[in-house]
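Visitor: Pasting in a structure now, in C-alpha cells, and then I'll have a few things to ask.
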Amino acid sequence: MPKATLILVGFLQPSAAEDNRLNGMLRAFSRAFQESRSGTVSPLVVLAALVAVGLVATLAWRVFDRWQSARADVEALAQLARDRGLDEGDLALLHTIAARGDTTALAAARHLDVFERAVAAELDGRARITSADEGDVFAATHRLRLRLGFATLRPHDAIISTRELEPGMPVELAGARTVVEEVSEASFSLSLPQLPAVAPGARLALSIVHLDEAKYFVTCELLSVVPTAEGCRVAFGHDEHPARTQRRRHARVRPGGAATVQCGGDLGALGRPGITVEGTLLDAGVGGAAVETLSWVEARTHAWATFSVGGVAFHDVEARVLGCEGSPEGPYRLRLEFVRLSADNLHRLGGVISVASGR
C-alpha cells in the first residue's frame, strides 16, 4: 500500500478512547432498539437513540476533519517541495528529521526554530567529522537547509544554533580575534595565530558577534587542530544553545499599544503633515518600527512617529516609510526606518528595549 494511503488510513482510524466510546454508544443504541421491539417505546429510549446518533455523527466529523487537515498538510508540503526544488531524497530526510524532533515535516520546513531543534535531535550523538562527504547525512542536511532558505540570517534574526553561523562572523577565543571561515552541519572552523593550549576533545568558550544584532557566548568541543603557516586551523562542534548576551541596534521588542504616524510634508516651520495614520505598534527597535494600520502609505514617504515602549513616550521621531504590506482592504503593516535619531532618543529607546527584552 502506498505510504500516502497508509497515512490517510491512519487518520481515518479513531483513537482508542473514541473507539471505546463509539462501541459503548452502539451497544446502547442496540439495546434501545431491542426494547422498542419488545414493547412501547419510551421517551427516554428515543432520547438515548438521538444522543447516540448525535455522538456518532460528532465522532465521524472529527475523523473527517482530521483527514481533511492531513490532506491539506500533504498538499501544502508538496507545493513547498515544488517551490523549493526538493527532491525525493530531501523529502525523505525532512520526514526523518521531523520525526526525531517530534514535529511534522511541514512545520520543520516552514519554521527555522522548529527545523533547528529537529536537526539537533537527528544529528546529536553522530560521529562528527570536519570534512563532510557529499553523501553523508551532514552534507545532505546542509543541502536541505540551503533549499529551505535557512542558510542565511537576516540582520535582525537571532542565532538559534551555531549551525547558523556564516563565514566572516567575528569570533574571539582566549583573547585572539578571528572570523568564522567555514560552517557545515557537523562543525565550524576558524584560523588562530597560535596552537591552542588544549587537545581535541576539550570544551572551549568562544564569543561570536552577529553584527547589528547581538553578541553570543558559546561552549563548543574542539574537534581538530591543523597547523598552518600562519598558525593553525581549528574545528569545533556545534552549540545548540548560544547565550545571547548583548543586543545590538537591530534588536526589537513587541510592546503593543497605540502609535500615530504623521506622513508627508514637513514637520516644524512649514507646518504639520497633512496625513495622520493611527494604528497599533507591532514592534520597535532603535533602527525602526512596524505599525499595523488600516491606512495605506506609499513607500519612501517622509514621516514622524509617536509611540511608547515600556511606558516611555517618544514624540515625532523622524522616519522614512520602507514599505506598506497587506491585502487591498487592509489591515496594513507599515514599516518605518528611523532617520537622524537624536542621541537622547537613541539612549532612551535602547534602554527601554534592554529592559523590555530582559537583557
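Visitor: Take Arg177 and decide whether it is of a type in the set (Lys, Arg) and under 22 Å from Val137 (Cβ atoms). Please lay out each step first, then the result.
Guide: Details: of a type in the set (Lys, Arg): yes; under 22 Å from Val137 (Cβ atoms): no.
Criteria not met by Arg177.
Visitor: Criterion first (closer than 26 Å to His111 by Cβ and aliphatic (A, V, I, L, M)) does Leu173 satisfy it?
Guide: For Leu173, the condition - closer than 26 Å to His111 by Cβ and aliphatic (A, V, I, L, M) - is not met.
Visitor: Starting from segment 227-243, keep only residues that are at positive phi, then list their pairs with residues that are part of a loop (DSSP other than H, G, I, E, B) whose Cβ atoms are within a distance under 9 Å, requiring at least 6 positions of separation or different chains.
Guide: Every condition considered, the pairs that remain are Gly231/Pro193; Gly231/Gln194; Gly231/Leu195.
Visitor: Within segment 182-196, does at least one residue satisfy the condition of being out of contact with any strand residue (DSSP E or B) (no Cβ under 6 Å at 6 or more places or on another chain), assigned by TED's automatic domain parsing to the domain that holds Gly231, free of Cβ contacts under 8 Å to residues at least 24 places away in the same chain and not small (Gly, Ala, Ser)?
Guide: Within segment 182-196, one or more residues are out of contact with any strand residue (DSSP E or B) (no Cβ under 6 Å at 6 or more places or on another chain), assigned by TED's automatic domain parsing to the domain that holds Gly231, free of Cβ contacts under 8 Å to residues at least 24 places away in the same chain and not small (Gly, Ala, Ser).
Visitor: Further, regarding this structure: Being charged (D, E, K, R) and under 14 Å from Leu144 (Cβ atoms) is the requirement here; does Glu75 meet it? Step through it out loud before you land on a result.
Guide: Working: charged (D, E, K, R): yes; under 14 Å from Leu144 (Cβ atoms): no.
The answer is no for Glu75.
Visitor: Kindly provide the set of residues from segment 206-217 that are part of a loop (DSSP other than H, G, I, E, B) and not aliphatic (A, V, I, L, M), ordered by number. Break it down stepwise before answering.
Guide: At the first step, the residues of segment 206-217 found to be part of a loop (DSSP other than H, G, I, E, B) are 211-213.
Answer for segment 206-217, where residues must be part of a loop (DSSP other than H, G, I, E, B) and not aliphatic (A, V, I, L, M): Asp212, Glu213.
Visitor: Tell me, which strands (runs of 3 or more DSSP E) wholly within segment 218-321 include 2 or more residues that are at pLDDT 85 or above? Break it down stepwise before answering.
Guide: Details: elements: 231-236, 243-247, 258-263, 275-285, 288-293, 302-309.
In segment 218-321, the matching strands (runs of 3 or more DSSP E) lie at 231-236, 258-263, 275-285, 288-293, 302-309.
The values are calculated or read from the model by the stated rules, or taken from the named source; none is laboratory data. All values derive from a computational prediction rather than experimental measurement. Using ideal geometry, Cβ is built from the backbone for each residue, glycine included, and neighbour counts are taken over all protein chains shown.
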